[in-house]
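What follows is calculated from the coordinates using simple rules that are stated; it is not laboratory data. Just so it is clear, the model here is predicted, and its values are computed rather than measured. Backbone-built Cβ (ideal geometry, glycine too); neighbour counts: all protein chains shown.
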Ligand SMILES: Cc1ncc(COP(=O)(O)O)c(C=O)c1O
């Protein structure tokens, strides 16, 4: 809003003009003309019950009503048919109104998106960048999925839809969860969202109250803690290392749980490490979740990208008790190369899903209607396209893994899933941000510093890119690391 607009509404001294005008308006004669306050037909006016108005009624224009809402933070005032939400401290001067909400300073912009954008911009300038930064398949969306969305567009499926998602897509997702993951959900247990990220955000907003603790094993996907902070919750980060395959152990999970713990975030296969929890590990975690009576959100967005016989076991499928405490978050971005389509979903207990639908109905409404028909085709057609992409990733994974481990000073665990490598750079003598900055500057190779994922001794490389880029990028990384090791050796005392 421009300065003029603000001044117009708030006045030069930062005081509301309408407040100053109030005493000039003749109040009483208006009352008999407005016998009823109707159920709100206007979207700006929240619903008020049908109540006869009298000068003594709390809804009367003579009696502005303050309804305590959300522990007294928000008040609703009603006067002359106008309903207005107001906040404590509404008469503070304009300058402090411009101050951003405290929550903004508590979160940082996504480093992965920032580095991927920087690499793209360098490429656009004609610089020969090898980018391993983006977390997205380099394949086109399969033709039959695009065709289904185009058909829906031609059929004018272009209107608002249900906030919960197209009924046919919700059913297709429930069916997928039953056949692939052995989860007994109905369509009403599913909400279609604007991507997996949005699924998780909706869930956190629906579940987490200020002070609630959410356990997140590190290395973690960088948005988890930020979402918890935005909701006023407390992320409880449990560090892991290569000795446990960057996976949380049952003992560590048990130690981290307190009275305030509400949710545990499980991500297998993992971004950034590519690690996959074995069925035994999933069973051990499930037992603790049930015993301690907390919830688990299982982020399964990479479930289809597995190697060397690794198995994805869905934690919610292990019995009634754990099923009742599980929320599944998934999406179409990674398995079907549909990152820009922005379609994800949550499945879980009815009450939780209903709450996320309410939240979504007031924030984004429905997911793009015709795009959802592409998602239906993705689920209902042959899954060969998923397997073709997986096989291509498998070949690149082997090449990148061998090349990384041949670089002196780097060590890398072999990931069983997703499309990331997470080598340890601790022997190089610099931390991850400095490493990535210098690598981009000197060798034009874009990778993500592990510090973004809560692991400053690592870097993340995505191998969702072509083989020629992998070979060239590994040559450059090799050169960079050798030179960094040589200069750190010359600096260290003999
Ligand atoms: C672990 C994890 N969860 C969720 C998402 C969100 O995916 P989407 O593109 O569907 O929002 C990502 C994307 O990178 C991810 O890596």
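General observations
- Per principal axis, descending, Cα span of region 158-380 in whole Å: 50, 42, 31
- FRET efficiency for residue 182 and residue 122, using Cβ-Cβ distance with R0 set to 35 Å, rounded to 0.05: 0.15
- Placing dummy labels 7 Å off each Cα toward the beta-carbon, the span from residue 146 to residue 466 is 1.7 nm.
- Taking 104, 234, 297 and counting other C-beta atoms within 10 Å, the order from fewest to most: 104, 234, 297
- Ordering 212, 293 by the number of other Cβ atoms within 10 Å of each residue's own Cβ, fewest first, gives 293, 212.
- FRET efficiency, residue 156 to residue 114 (Cβ-Cβ, R0 35 Å, nearest 0.05): 0.35
- Label zone (residue 107, point 7 Å along Cα-to-C-beta; backbone nitrogen cut-off 15 Å) within region 337-379: 360, 363-364.
- Here the extension length gained between residue 427 and residue 168 equals 87.9 nm, from 0.36 nm per residue of separation less the Cα-Cα distance.
- Distance between modelled label sites at residue 278 and residue 487, nm, 7 Å Cα→Cβ extension: 4.3
- The translational diffusion coefficient of region 376-494, from Stokes-Einstein at 37 °C and 0.692 mPa s with a Kirkwood hydrodynamic radius over alpha carbon pairs, comes to 213 µm²/s.
- When each of 339, 358, 193 is scored by the number of other beta-carbon atoms lying within 10 Å, the sequence from fewest to most is 358, 339, 193.
- In this structure, residue 441 and residue 399 have a Cβ-Cβ separation that, at R0 = 30 Å, corresponds to a calculated FRET efficiency of about 0.75.
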